[in-house]
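See below for the structure under consideration.
Computed from the coordinates by the stated procedures, all read-outs in this text should not be read as laboratory data. The model shown is predicted, which means the values in this text are computed figures rather than measured ones. Ideal geometry is used to build each Cβ from the backbone, glycine not excepted, and the neighbour counts take in all protein chains shown.
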Amino acid sequence: MNHQIALLGTGLIGRFYAMSLLNFRGRDQISLVYSRQAQSAQKFAQEFNIPHWTTDLAQAIQHSQVDTVVIGLPNYLHKQAALLAAEAGKAVLCTKPLATNAADALEMLEAVERAGVFHGYLEDLVYTPKTLKALDSVKKGALGKVLWARSRETHGGPHSDWFWMKQYSGGGAIVDMGCHCIEIARNFIGKECRPIEVSCWADTQVHPIETEDHAVGLVRYDSGAIGQFEVSWTFRGGMDLRDEIAGTEGTIWLNHWLRTGLEMFTNVGSAGYVAEKAEGDTGWLFPVGDEIGSLGYVKMFLDMFNSMDAGKTPMETFYDGYIVNAVIDACYKATNTKKWEPVELAAWRGEHYTPTEVALKDYDERHFLIKEERMPNGRLKIILKDKVSGEISQIIQEE
Ligand SMILES: NC(=O)c1ccc[n+]([C@@H]2O[C@H](COP(=O)([O-])OP(=O)(O)OC[C@H]3O[C@@H](n4cnc5c(N)ncnc54)[C@H](O)[C@@H]3O)[C@@H](O)[C@H]2O)c1
């Protein structure tokens, strides 16, 4: 099917979305673009060959030619746009975070489900080619049981005024980037696992703002796994996007942005843009090459539109966005109370997960094996636990 899309927003994400949408399947069309200012809407429409533009949000969504609404607006406008799309019976794809809090996210989820429209949560960073490959390996058991998923997004701060104002954004670095990290960890740990409680440190270290510009949080899941996020608007040196997943049988490290293979030094620069959130255009630079591919936008829209056509659920839905918002709400609570706080989920649809014990390894009839290690002197040390007495001992084998 050829989809006719209304793109809402002509900012940074509107541009990345337009570049991805117009390139990936070759058969969908952005029929209309909405922007607050006529000049931006018109200029954007011209640049991307979009036949219609408007400054009227409701009109954009209700336009008769449009079947799919893509929301790329500041966070506080996602709800209004999604509710209008549901009311108009249009498929709706919303950028991250789904909403500024879990109550709004739940309202959005209920609205699209009630209307029976297709809904997708545009969490691009679980769709990067590297992440998809890593997720596939984890699902096939390459890491054993996942115990720890750590995800980091840090840079020098966002590029528009509204991100810095709580009434428009819903919060600081946690809402802006923690949402990515929480969902990345959740994908690796397993969406069937319920996030139980969180602990979170957040502070405003550098900027004169009401919200946090730096935070580190822990999300404990019912499988026993821990998700860890590290987000900052105070980091210098570009955009650091990294994930680490550790399981009983293996480890994966992912580096998505800096030092990923294209490293360049220039004393004079080549005029202008290098990569998202790069701090300069001279000296050592890390241009990314295929930005929309590396950030997951291409695979993300492919999943969204292919799922829509096949009548399937995409990898990321409004439900996932709601879970992320609920975890974020708990993080803000934990930051204030300085205690572990429960993740309040009015709608939990995961399976009732039964935590599996990590399999104990037999060494012999009497002992479990705890660990083996070859030492610098060539000897093999074997650490054992007596199955009956519980006593821990070691055997040292000569080379
Ligand atoms: N990786 C990602 O998925 C990713 C990356 C960047 C931004 N985002 C998300 O995309 C959304 C937009 O972010 P952005 O970076 O494009 O921001 P931006 O500031 O670059 O662009 C925002 C757009 O919304 C319009 N706008 C601003 N205030 C408005 C208002 N009050 N009423 C109507 N329109 C208004 C602007 O004119 C512009 O078109 C946010 O929700 C953000 O979190 C997602």
Hey, if you put +1 on the Cβ of every Lys and Arg and -1 on every Asp and Glu Cβ in the chain, which of Ala99, Leu285, Ala82 ends up farthest toward the positive end of that dipole? Leu285
Towards the positive end of the charge dipole of region 132-272, with charges on Cβ (+1 Lys, Arg; -1 Asp, Glu), say which of Leu262, Pro158, Phe229 has the farthest Cα. Leu262
The chain - mean residue ellipticity at 222 nm from DSSP helices (-39,500 (n - 2.57) per run, n ≥ 4, rounded to 500): -9000 deg cm²/dmol
May I ask for the angle, rounded to the nearest 10°, between helix 318-337 and the longest principal axis of the chain, with both axes built from Cα atoms and the value confined to 0 to 90°? 70 degrees
Taking +1 at the Cβ of each Lys and Arg and -1 at the Cβ of each Asp and Glu, which of Tyr319, Thr131, Tyr168 sits farthest along the dipole of the chain towards its positive end, judged by Cα position relative to the Cα centre? Thr131
Compute the length gained on full extension between Arg236 and Gln37: take 0.36 nm times their separation in residues and subtract their Cα-Cα distance, giving the result in nm to one decimal. 68.4 nm
Can you give the direction-averaged projected area of the convex hull of the alpha-carbon atoms in region 309-399, in nm²? 13.3 nm²
How about region 214-272: which GluC sites (Glu not before Pro) there lie in a loop by DSSP and see at most 15 other Cβ atoms within 10 Å? Glu249, Glu263
With only Lys, Arg, Asp and Glu charged, each at its Cβ (+1 for the first two, -1 for the last two), find how big the charge dipole of the chain is about the Cα centre; round to the nearest 20 debye. 280 debye
Compute the projected area of the convex hull of the Cα atoms of the chain, averaged over all viewing directions, and report it in nm² to one decimal place. 24.6 nm²
Angle check, please: helix 129-139 long axis (alpha carbons) against the longest principal axis of the chain (alpha carbons), in degrees 0 to 90, nearest 10. 40 degrees
Given springs between every Cα pair under 10 Å in a Gaussian network model of the chain, which of Gly224, Gly283, Gly144 has the largest fluctuation? Gly283
Enumerate the calculated ³J(HN,Hα) couplings along region 25-34 in order (Karplus 6.51 cos²θ - 1.76 cosθ + 1.60, θ = phi - 60°), each rounded to whole Hz, writing x wherever the residue is Gly or Pro. 10, x, 10, 9, 10, 7, 7, 8, 10, 10
Reach of Lys145 by Cα under 27 Å, taken over lysines that are not fewer than 8 positions away in the same chain: Lys130, Lys133, Lys191, Lys299, Lys361, Lys371, Lys381, Lys385, Lys387
Report the far tail of the P(r) of region 210-349, meaning the percent of Cα-Cα pairs longer than 18 Å. 71 percent
If I take R0 = 51 Å and measure r between the Cβ atoms of Tyr168 and Glu398 in this structure, what FRET efficiency does the formula 1/(1 + (r/R0)^6) give, to the nearest 0.05? 0.15
Region 238-278 to region 102-153: how many Å between their Cα centroids? 22 Å
Run the numbers for Trp201 and Trp348: contour at 0.36 nm per residue of separation, minus the present Cα-Cα distance, in nm. 50.3 nm
Overall dimensions of region 4-123 as given by Cα atoms, namely Rg and Dmax in Å: 13.2, 38
Among all cysteines in the chain, which have no other cysteine Cβ under 4.7 Å from their own Cβ? Cys94, Cys179, Cys181, Cys193
Rounded to 10°, Cα long-axis angle of helix 179-189 versus longest principal axis of the chain: 40 degrees
So if I take the centroid of the Cα atoms in region 1-39 and the same for region 286-318, what is the distance between those two points in Å? 14 Å
Near the amide H of Asp222, under 5 Å away, which other amide H atoms are found, from residues 5 or more places off or on another chain, if H is placed in the peptide plane? Arg194, Ile196
Note on the chain, DSSP bridge orientation, antiparallel percent to nearest 5 equals 65 percent
Dipole magnitude of region 4-123 about its Cα centre (Cβ charges: Lys, Arg +1; Asp, Glu -1), debye to nearest 20: 340 debye
